[in-house]
1. Using a Gaussian network model on the chain with a 10 Å cutoff between Cα atoms, which of 63, 75, 26 fluctuates the most?
2. Of the candidates 31, 65, 18, which one comes out as most mobile in a Gaussian network treatment of the chain with C-alpha springs shorter than 10 Å?
3. Given the Cα-Cα distance of residue 74 and residue 21 and 0.36 nm per residue of separation, how much length would full extension add, in nm?
4. Of all the stretches in the chain, which is the longest one without any exposed loop site, taking trypsin sites (Lys or Arg not before Pro) in a DSSP loop (any state but H, G, I, E, B) with at most 15 other Cβ atoms within 10 Å?
5. For the chain, what is the relative contact order in percent, using Cα pairs closer than 8 Å and at least 6 residues apart in sequence?
6. Ignoring the sites themselves, what is the longest stretch of the chain with no chymotrypsin sites (Phe, Trp or Tyr not before Pro) in a DSSP loop and at most 15 other beta-carbon atoms within 10 Å?
7. Just from its helices, what would the mean residue ellipticity at 222 nm be for the chain, if runs of 4 or more DSSP H residues each count -39500 (n - 2.57) and the sum is divided by every residue, rounded to the nearest 500 deg cm²/dmol?
8. Could you work out, for the chain, what percent of all Cα-Cα pairs fall into each 5 Å distance bin, beginning at 0 Å and stopping at the bin that holds the largest distance?
Amino acid sequence: MDVDKCMEWMSKGIVLLEYISLNSGDTKIREMTLCPVFIPKKNQIFTENFKRHDQNDKIICYDIEFQKWDDISKDSMVNWKKLTPGM
């Protein structure tokens, strides 16, 4: 799976991400984003000057349904697809 391409798309819109939960070990399929357009102002944690560190083995992304941030291991990401057109 191309994690960089998934993260690039999350920064522009919403993806349906399939991954293995770090806590439960269960497979989850969630609508996720990094795009501030889809994240309520009160939940935004990044500034426009935020720089992503690609060498990290985990990413943090926003779960649309549960309206919370979740950390996901890059190795646990199984599949993804675009749900919104790019911004």
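Every read-out reported here was derived from the displayed coordinates using simple, explicitly stated rules and does not represent laboratory data. Worth saying up front: this structure is predicted, and the values here are computed from it rather than measured. Note that we place each Cβ from the backbone using ideal geometry, even for glycine, and neighbour counts take in every protein chain shown.
1. Judging by the Gaussian network model, the answer is 26.
2. Comparing 31, 65, 18 in the GNM, the peak value goes to 65.
3. Working: separation 53, 0.36 × 53 = 19.08 nm, distance 1.10 nm.
So the chain would gain 18.0 nm between residue 74 and residue 21.
4. 1-50
5. 39
6. Numbers: sites that count: 46, 50, 66.
With a cap of 15 other Cβ atoms within 10 Å, the longest stretch comes to 1-45.
7. Working: 1 runs with 8 residues, N = 87.
Helix contribution divided over all residues of the chain: -2500 deg cm²/dmol.
8. Reading upward from the zero bin: 3, 15, 28, 27, 19, 8, 1.
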